[in-house]
Amino acid sequence: MTAAPDTRDVLLTCPLDCPDACRLKITVKRGGDGRERAVKLTGDAAHPYTKGFACAKTVHYPARQNHPDRPLYPLRRVGSKSDAEARWERVTWDEALDDIAARLRRLLDTRGPQSVLRYHYAGTMGLMEGSHAHALWRALGTPELEETICASAGTAAWAMGYGSRLAVDPLDVPHARLIVLWGINSLSTHSHLTPQITAARKNGARVVCVDPYRNRTAAFADEHLKLRPGTDAALALGVMHELFAHGWTDEAYIAEATLGADDLREAAREWTPERTAEVTGLSADEVRDFARAVGTTRPTYIRVGYGMTRHETGGTNLRAVTLISALTGDWRWRGGGCVLSTSGAFALNRTRLGGAHLLRPETPRVNMNELANALSPERGLGALVVYNTNPAVVAPDSGRVRAGLARDDLLVVVLEQAMTETARLADYVLPATTFMEHADVYTSYGHHWLGYNPATLEAPGECRPNTWVFQELARRLGVTEPGVFWTVDDLLSDLLDTPHPHLRGITPGRLKAEGSVRLNLPDEFLPYAHGADTPSGKVQLSPAPVYRAPDAALNAEYPVRLLTPPAHHFLNSTYGNLENLNRAEGTEPHLLVHPHDAQVSGLTDGAYATIQSEVGQVRRRVKVTDAAQPGTAVLEGTWWGLSAPDGQSINTVTAQTLTDLGGGSTFHNTRVRLLPG
Ligand SMILES: Nc1nc2c(c(=O)[nH]1)N[C@H]1C(S)=C(S)[C@@H](COP(=O)(O)OP(=O)(O)OC[C@H]3O[C@@H](n4cnc5c(=O)[nH]c(N)nc54)[C@H](O)[C@@H]3O)O[C@H]1N2
Ligand SMILES: Nc1nc2c(c(=O)[nH]1)N[C@H]1C(S)=C(S)[C@@H](COP(=O)(O)OP(=O)(O)OC[C@H]3O[C@@H](n4cnc5c(=O)[nH]c(N)nc54)[C@H](O)[C@@H]3O)O[C@H]1N2
Ligand code: SF4
Ligand SMILES: [Mo]
C-alpha cells in the first residue's frame, strides 16, 4: 500500500504563465461528501526538466483552488457599481447566459461588433481554455485584441534577427562555460533553470547577472552587473566593440550564417568601454572584463528575460543583446547561444486555433496595453468580456482601467476562479474551472515538452470551462461556426494535423496516453548553427541597433525610475489572495529605495512614501537598501490592491506607453518622484 484508500496521485501540467510548464504530481483526496479535492502538490520526479519540485508558489495551488472566496455559482450584481459595498445575487446559468446574450445581441445589432470587446491574457496557457476560447468573438467579428502585455516587444525583436523563436535546449545548459542571465530574475521566474545552471557551475561555468537591482538571481550569480535601466543596447554594443577590436568574433560563422555584420561593426565602433561605462553606469573595467569573458569563453549561454523589453526602447535593447551570440558563433556550440523563448519549436497547426481563419483585415484592433483608453466613455464600448486575466491589477494605468470597468453603462462580464478586483467590478461573475477540472493542451516557452491534461476533478459548485460558457452564448446568439463548438479532442487532432518534423510520431492518442511528450528534436538541437528562418535564411544583423535614451528621461521633477518586476511568491496577480504567500512577500508591498535617494527625498526605512508619476500616485512602505541603485527604485510584484495601504494596484502609476517594436508594455519605464508620508 503506497497511498491511503481515499487518496490518489495524478500527473498534470501546470497551466500558469511561466516558462517552466512543470509536470506536477498532485495528491487528491476524497472527502466525506464523496468529492475529490487536491490536497498536496509537488513536481513529477520522473520528468527530466521538472525534476521533482514545484515552485514556492504553486505548491499552494490547492489552497487557491479550495479558497473559501472562490466563486462557485454565477453571480449578478445588485445595485450600482458606485455603491460603497458590492452586493451580489446568485443566479442560474440560464438566467445569466440569457440576459448576457440578449444584451450582446442588442449591442451587435444597434452599435455593431466594435461595441463589444473580449479581453484576456494567459491566466491559463491552455490552448483550449486560453487560445481557442477566442473563436466565438472572431466569429462575431468583435475587435481583435492584440496580446501585447508581456512578450510582443521581445517576439518582434527576436523575429528581426532570427525569425521564429527557437532556443538552446535547456537540458544542454550544463555544457555552457559562461552563463549570462540578462534582464531575467530566473531564480524566481524560471526556477527550473536553476538545476541546469547549478550543473553547469559544477562543470566550471561562471554565472553573470545583468540587472539594475540586486534580485535573488544577482545574489546567486558570481558577478552582478548593475547597469542603469534601459541601457542594455549600449552594453551590448560595448561588448561588440571589444569582440571586433580583439578578434573574438567567429568569422567563419559570420560568413556562413549571418547578413549585415559590417553594419554592426561600424555601429559598435563608437562604443568604447569608456563611452559604454558613461551610459550604463558600469565601470569601464566591468565592461572590458565582461566583454572578454563573452569573447573568450565557449560556449556562452545568454538567457534574456522580458525585463529589459519593458522600456520605450525595449525591443531594440533586447535585439542588440541577442545578436551577440551570432558574433561569437555560440550557436554552433552545444549549450551556447541565446534564449528568449522555446515556443517556436511547437510547430502545431494553428490555422484554426481560436478561429484564426475568421480574422478579417478590416477588423478593428485594440492593443491590450491601451485598455484604459478603450474603456473611456467617449470610445462607446458597450460590453467587455474578461477571461484569464485581472486587468484591474495588471494593466497599465490601472486607475483609469478601474474607472472604466466601474461605468454603469458598460456591461462587464468576468469569467473567474477568484474574486479578483476585476471580478468585483463586474456585472456578472461567471465561475470558472481550474486546470484540474478541465481538459487542455499545453506548450511551453522554456522547454520542449507538449502536455495534455484530462479533466481530473469534478468541478465544484457550478464552475464551468470558458469554452462551455462561450458555446452556450454562441447557441443563444445564433453562431454556427463549427470551430466554436469544438471539443478538446477536435482541437487536438487539428493542432497535430501537420507534417512538421518536430511533431512526427506525436498523435493525439500518444499524447493523451503519455501526458507529457518531448518534441521530436534531434539529440543535438542547434537551431541557428547554419542560419535562421528569416526571409534571407541568415541571422539578420542589420540594421544595426541604435541606443536611444528614453523620451521619459529623468529630470528634476521626476528624478527616479521605478521598476515593478515579478515577486517570488506570486505569479503576476495569481496567489495574491493567499495570506501565507502575502506574508512570505512581506505582508504588504515594499518600495526598495537606495540610501542616497532616501536621503534626498527624506524617506525613512519602514515609513510610508507617496510615489507620484505622470499618470497617478500610490502609497507604499519603504525599504531602504543598497539592492537598489541611486535613481532606480523597485517594487516587486503586482500585489492585489487590497493588500496595499491605499487599495490601489502599482499599475496606478504605470503608463500606456508602448515599446519601439511590437507595441509592448513598458512597466519598467515609469519615472516618479518620491515624497514622505
Ligand atoms: N515568481 C514569479 N514567476 C513568474 C512570474 C511572476 O509574477 N512571479 N511571472 C511570469 C511571467 S508572466 C513572465 S512574463 C516572466 C517574467 O520574468 P522576467 O523576465 O524575469 O521578469 P521581468 O519583469 O521581465 O523582469 C526581470 C528582471 O529585469 C530587470 N530589468 C528591468 N529593467 C531592466 C533593464 O532595462 N535592463 C535589464 N538588464 N534588466 C532590467 C528587473 O529588475 C528584473 O529583475 O516570469 C514568469 N514567472
Ligand atoms: N507593474 C507590472 N504590471 C505587470 C507586470 C509587471 O511586471 N509589472 N507583468 C505583466 C505581465 S508579464 C503579464 S503576463 C501580465 C499578467 O497578467 P494576467 O494575465 O492578468 O495574470 P494574473 O494576474 O496571473 O491573472 C490571471 C487570472 O486568470 C484567471 N484564470 C486562470 N485560469 C483561468 C481559466 O481557466 N479560466 C478563467 N476564466 N480564468 C482563469 C486567474 O484566476 C487569474 O485571476 O501582467 C502584466 N502586468
Ligand atoms: S508556476 Fe512555473 S515553476 Fe511554478 S509549478 Fe507552475 S510551471 Fe512550475
Ligand atoms: Mo508575462
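Take the residues in segment 10-53 that are of a type in the set (D, E) and more than 16 Å from S516 (Cα to Cα), then tell me which one is surrounded by the most Cβ atoms within 10 Å (Cβ to Cβ).
Result: D17.
If you go through segment 515-549 one residue at a time, how many are without any contact (Cβ under 8 Å) to a residue 24 or more places away in the chain and in contact with a Lys or Arg (Cβ under 8 Å, 6 or more places away or on another chain)?
Residues flagged as without any contact (Cβ under 8 Å) to a residue 24 or more places away in the chain and in contact with a Lys or Arg (Cβ under 8 Å, 6 or more places away or on another chain) within segment 515-549 amount to 1.
How many residues are in a helix (DSSP H, G or I) and loosely packed, with under 14 Cβ neighbours inside 10 Å if we restrict to segment 252-277?
Qualifying residue count for the region: 5.
Inside segment 359-380, can you point out the residues that are more than 10 Å from ligand 2 (Cβ to nearest atom) and either among the basic types (K, R) or buried (at least 23 other Cβ atoms within 10 Å of the Cβ) (or both)?
Result: R360, R365, L371, L375, R379.
Return the residues of segment 550-568 that are loosely packed, with under 14 Cβ neighbours inside 10 Å and within 27 Å of the chain's Cα centre (by Cα); say none if nothing qualifies.
Hits for segment 550-568 are D551, A553.
Among the residues of segment 74-94, which ones are β-branched (V, I, T) and surrounded by 16 or more Cβ atoms within 10 Å (Cβ to Cβ)?
V91, the sole residue that qualifies.
Whether any residue in segment 661-676 is surrounded by fewer than 21 Cβ atoms within 10 Å (Cβ to Cβ) and within 16 Å of ligand 4 (Cβ to nearest atom) is what I want to check.
Yes, that holds for at least one residue.
Going through L353, L348, L323 one at a time, which residue ends up being over 22 Å from E129 (Cβ atoms) and outside the structural domain of L108 (by TED's automatic domain parsing)?
Every option except L323 fails the conditions.
Search segment 563-580 for residues that are at negative phi and assigned to a loop (DSSP other than H, G, I, E, B) and pair each with any residue that is within 13 Å of ligand 3 (Cβ to nearest atom) and of a type in the set (S, T, Y) when their beta-carbon atoms are under 6 Å apart and the residues are at least 6 apart or on different chains.
P566/T189; H568/S188
Please enumerate the residues belonging to segment 388-397 that are away from ligand 4 (no atom under 16 Å from the Cβ) and polar (S, T, N, Q).
None; the set is empty.
Please tell me if D98 is out of contact with any Phe, Trp or Tyr (no Cβ under 8 Å at 6 or more places or on another chain), touching a residue at least 40 places away in the same chain (Cβ under 8 Å) and acidic (D, E).
yes
Which residue pairs have Cβ atoms closer than 6 Å, lie 6 or more positions apart in sequence or on different chains, and pair a first residue in segment 453-467 that is closer than 16 Å to Y442 by Cα with a second residue that is of a type in the set (S, T, N, Q)?
Hits for this filter: N453/T13; P465/T433.
Scanning for something within 30 Å of L358 (Cβ to Cβ), in a loop (DSSP other than H, G, I, E, B), more than 16 Å from ligand 2 (Cβ to nearest atom) and not assigned by TED's automatic domain parsing to the domain that holds R476, does segment 196-211 turn up at least one residue?
no
Here is a yes/no grid of residues against (1) surrounded by 24 or more Cβ atoms within 10 Å (Cβ to Cβ); (2) outside the structural domain of R671 (by TED's automatic domain parsing); (3) at pLDDT below 95; (4) away from ligand 1 (no atom under 15 Å from the Cβ):
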{"site": "T142", "(1), (2), (3), (4)": "yes, yes, no, yes"}
{"site": "A157", "(1), (2), (3), (4)": "yes, yes, no, no"}
{"site": "A167", "(1), (2), (3), (4)": "yes, yes, no, no"}
{"site": "P174", "(1), (2), (3), (4)": "no, yes, no, yes"}
{"site": "T194", "(1), (2), (3), (4)": "no, yes, no, no"}
{"site": "N215", "(1), (2), (3), (4)": "yes, yes, no, no"}
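Could you list, ordered by first residue, the pairs with Cβ atoms under 9 Å in which the first is in segment 627-648 and modelled with pLDDT of 95 or more and the second is within 16 Å of ligand 4 (Cβ to nearest atom) and in a strand (DSSP E or B), at least 6 apart or interchain?
The qualifying pairs are A628/L563; T632/L563; A633/L563; V634/L563; L635/L563; E636/L563.
With the checklist (1) touching a helix residue (DSSP H, G or I) at 6+ places or on another chain (Cβ under 9 Å); (2) assigned to a helix (DSSP H, G or I) in hand, flag the one item R510 doesn't pass.
Here R510 clears every test but (1).
Please enumerate the residues belonging to segment 622-635 that are closer than 19 Å to G647 by Cβ and within 26 Å of the chain's Cα centre (by Cα).
Answer for segment 622-635, where residues must be closer than 19 Å to G647 by Cβ and within 26 Å of the chain's Cα centre (by Cα): just L635.
Under the condition of being of a type in the set (A, V, I, L, M), surrounded by 20 or more Cβ atoms within 10 Å (Cβ to Cβ) and touching a strand residue (DSSP E or B) at 6+ places or on another chain (Cβ under 7 Å), which residue from segment 278-307 is nearest to T155 (Cα to Cα)?
Per the criteria, the residue is V304.
When you scan segment 644-654, how many residues do you find that are of a type outside the set (V, I, T) and within 11 Å of S398 (Cβ to Cβ)?
Here the count works out to 3.
The values are calculated or read from the model by the stated rules, or taken from the named source; none is laboratory data. Keep in mind that this is a model prediction, so the values were computed, not measured. As a convention, Cβ positions derive from the backbone with ideal geometry for all residues, glycine included, and neighbour counts pool all protein chains shown.
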